[in-house]
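Just so it is clear, none of the values below were taken in a lab; they were calculated from the coordinates. Model, not experiment: these values are computed from the prediction. Every residue, glycine among them, receives a Cβ derived from its backbone with ideal geometry; neighbour counts consider all protein chains shown.
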Amino acid sequence: MPALQRDEAQNRARLIDVHRYEVDLDFTRGPDHFGSRTVIHFTARTAGDTFAEIKPAELHRVTLDGAPLDPAALADNRLPLTGLAPGTHELRLDATMRYSRTGEGMHRFTDPADGETYVYTQLFMEDVQRVFGAFDQPDLKATFTLTVTAPDDWTVLGNGIATRGAPGRWTLATTPLISTYLVAVAAGPWHSVRTEHAGLPFGIHCRRSLAPHLDTDADEIHDITRRCFDRYHQMFDEPYPFDSYDQAFVPEFNAGAMENPGLVTFRDEFIYRSAVTDTERQTRGMVIAHEMAHMWFGDLVTLRWWDDIWLNESFAEYMGFQVLAEATRFTETW
């Protein structure tokens with residue numbers, strides 16, 4: 001898969017403006033694949049050529065403004081869009097995608113403790129194309145509306161408040177403008193501990209087999225989350241920009257945590273199975289504070305290109321230590 005180059009991203013950003021995505025995912029197709037349908041609404045500023053990205057098991061159908069495109073034109077996960085006229089356009093992609101076992105894209109895990117299955121996304125830096133079609137670069141922000149089909153006993157989490165409709169059907173509230181790498185979905189028979197703070201729903205989630213351990217620490221995790229949330233509001237003029245705050249502790253995560261707006265994911269080793277030192281609890285608290293800083297600095301305001309990731313991460317690291325020390329019992333964090 002060729003890496004997107006900066007000059008390619010700059011050229012595409014000059015040509016198009018992306019407005020909104022409508023994504024429908026189907027997790028009921030067996031252990032290896034899931035369904036993915038995407039509608040992308042965008043505008044071309046001038047006439048020109050560009051491309052969208054998708055990495056499917058099979059690309060079934062593509063249309064641009066209602067006219068079919070040849071799925072066989074997909075090469076190196078790039079779908080060429082040639083001869084665009086100035087004005088608004090609609091790109092539709094219908095594909096079958098592969099689950100990941102490496103934490104990239106849509107990771108699927110079956111818990112050996114009880115046989116329950118969970119799926120969740122990790123789309124940083126360029127793995128959205130493993131889940132749905134996109135113009136995949138951080139400065140082409142858009143709104144996202146996701147619908148999900150899942151087994152009846154699953155709960156679906158995402159960037160926005162999730163609403164269950166018909167059995168197995170979920171709709172996630174449309175996001176504000178966010179980058180493609182920040183879209184998040186987590187689905188499965190989660191054990192959840194929910195509360196409300198500052199007029200917003202807050203939740204923490206883990207696989208069922210870890211429920212007793214999460215319940216033991218739920219009060220501490222919620223308390224740190226609330227205190228950090230309030231401190232950030234004292235420090236930043238801009239209110240929290242999303243409609244909920246969920247934290248999911250997910251299995252086999254290939255990072256420490258990820259700042260998906262409204263749905264932060266953490267490796268579930270942060271759900272402690274036995275006695276731990278206070279330093280380990282402080283470390284978990286710092287990661288919670290670090291990822292929350294990104295809600296503003298990284299998610300609301302986002303780097304234009306990846307060479308600024310150092311500032312995104314170093315600022316969140318600084319704020320994680322600072323806010324934890326100011327807002328919680330971990331006053332010696334520094």
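About its Cα centre, how strong a charge dipole does the range 6-188 have in debye, to the nearest 20, once Lys and Arg get +1 and Asp and Glu get -1 at the Cβ?
300
Roughly speaking, what is the stretch gain from THR174 to TRP334, that is 0.36 nm per residue apart minus the C-alpha to C-alpha distance, in nm to one decimal?
The span from THR174 to TRP334 would gain 53.7 nm if fully extended.
Roughly what % of DSSP beta bridges within the chain run antiparallel, to the nearest 5?
Antiparallel: roughly 80 percent of the beta bridges in the chain.
Between ARG101 and SER274, what FRET efficiency follows from the Cβ-Cβ distance if R0 is 30 Å, with the result rounded to 0.05?
0.65
Among DSSP bridges having both ends in the range 230-334, what percentage is antiparallel? Round to the nearest 5.
25
Summing -39500 (n - 2.57) over the DSSP H runs of n ≥ 4 in the chain and dividing by its residue number, what mean residue ellipticity at 222 nm do you reach, to the nearest 500 deg cm²/dmol?
The per-residue figure over the chain is -7500 deg cm²/dmol.
When a/c reaches 1.5 or more, the comparison of a/b and b/c decides; with that in mind, is the range 191-327 rounded, prolate or oblate per its Cα gyration tensor?
prolate
Report the relative contact order of the chain, percent, no decimals, based on alpha-carbon pairs under 8 angstrom and at least 6 residues apart.
Relative CO of the chain lands at 14 percent.
Could you give the DSSP H helices of the chain that reach 18 angstrom or more along their long axis (alpha carbon positions) and whose average Kyte-Doolittle hydropathy is no lower than 0.0?
Length and hydropathy pass: 309-327.
Determine the sum of side-chain charges near GLY203: Lys and Arg each +1, Asp and Glu each -1, restricted to other residues whose C-beta is under 10 angstrom from that of GLY203.
-1
What net charge do the residues around GLN129 carry, taking every other residue with its C-beta under 13 Å from that of GLN129, with Lys and Arg at +1 and Asp and Glu at -1?
So the environment of GLN129 carries a net charge of -2.
Once you've got the GNM for the chain with C-alpha springs shorter than 10 Å, pick whichever of GLN247, GLN129, GLN282 has the biggest mean-square fluctuation.
Its mean-square fluctuation being the largest, the pick is GLN282.
For the range 249-334, what does the alpha-carbon gyration tensor say about shape, rounded, prolate or oblate, given a ≥ b ≥ c as the root eigenvalues, a/c under 1.5 as rounded, and a/b over b/c as prolate?
Oblate, since a/c reaches 1.5 and b/c is not below a/b.
Can you tell me which of GLY30, GLY320, GLY188 moves the most in a GNM of the chain? Springs connect C-alpha atoms under 10 Å apart.
Sorting by GNM fluctuation, first place goes to GLY30.
What residue among TYR118, ALA9, ASN77 has its Cα farthest toward the positive end of the dipole of the range 6-188, where the charges are +1 on Lys, Arg and -1 on Asp, Glu, each on the Cβ?
Checked the options; the winner is ALA9.
Mind checking the dipole of the range 191-327: about its Cα centre, +1 per Lys or Arg Cβ, -1 per Asp or Glu Cβ, Debye to the nearest 20?
Its charge dipole is roughly 320 debye.
Please tell me the relative contact order of the range 214-334 in percent, rounded to the nearest whole number, where contacts are Cα pairs under 8 Å and at least six residues apart.
Rounded, it is 26 percent for the range 214-334.
Looking only at ILE309, ILE161, ILE221, which one moves most when the chain is put into a Gaussian network model with springs between Cα atoms under 10 Å?
ILE309
With charges set only on the Cβ (+1 for Lys and Arg, -1 for Asp and Glu), what does the dipole of the chain come to about its Cα centre, in debye to the nearest 20?
About 580 debye.
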